[in-house]
Amino acid sequence: MTFRTDDVLWSAKSPRHSLGENFDMVAAGWQVYRNGTRTKATTAYAPRLETGHTYLLALRRADDRWTVLGEGAAVPFDDRTVARGEWCGRVLGEEDVARGERFSRTDDRSLEKLLAGRDEQAVKRALDSAGAKASAPKP
């Protein structure tokens, strides 16, 4: 799929690769054939990225292409709000995610859980803070 980059909310200080305005990525929920044909390949309640929705993506470069970091690295972000939008084929609001989080692991301290319902400025602050903690000298 070709994705449009709306904003980069955090990046390494000197990234080796730039996203640009658009980037290609094999996305969950789509099958790409050798001839370039793309078809939707999803099952009910399976992770996917749907056209017409916005996502926060945690990306890395692997085998000379972009890919998400792993499970949980694609977060619904419709209306620039964390946890609002398409998830596993259903359109959710942050209140739906909050209800689901009550059944998740009690030790889950993910940014997705902490920032549900918050805007992009809250995401930027949290990522900047995490980056500063990671690069701080260890005692």
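For Tyr33 and Ser135, compute 0.36 nm times the residue count separating them, minus their Cα-Cα distance, and round to one decimal in nm.
Fully extending the segment from Tyr33 to Ser135 adds 32.6 nm.
Among 132-138, 121-127, how do they line up from the highest to the lowest mean number of other beta-carbon atoms within 10 Å?
In descending order of packing, they fall as 121-127, 132-138.
So, in nm, how far is label Arg65 from label Ser18 when the simple model puts each one 7 Å beyond its Cα toward the Cβ?
Result: 2.3 nm between the two label points.
Are there any trypsin sites (Lys or Arg not before Pro) in segment 1-39 that are in a DSSP loop and have at most 15 other Cβ atoms within 10 Å? List them by number.
Filter output for segment 1-39: Lys13, Arg16, Arg34.
Since every read-out is calculated from the coordinates, none of them should be taken as a lab result. Keep in mind that this is a model prediction, so the values were computed, not measured. A quick note on method: Cβ atoms are made from the backbone with ideal geometry, for glycine too, and the neighbour counts reach across all protein chains shown.
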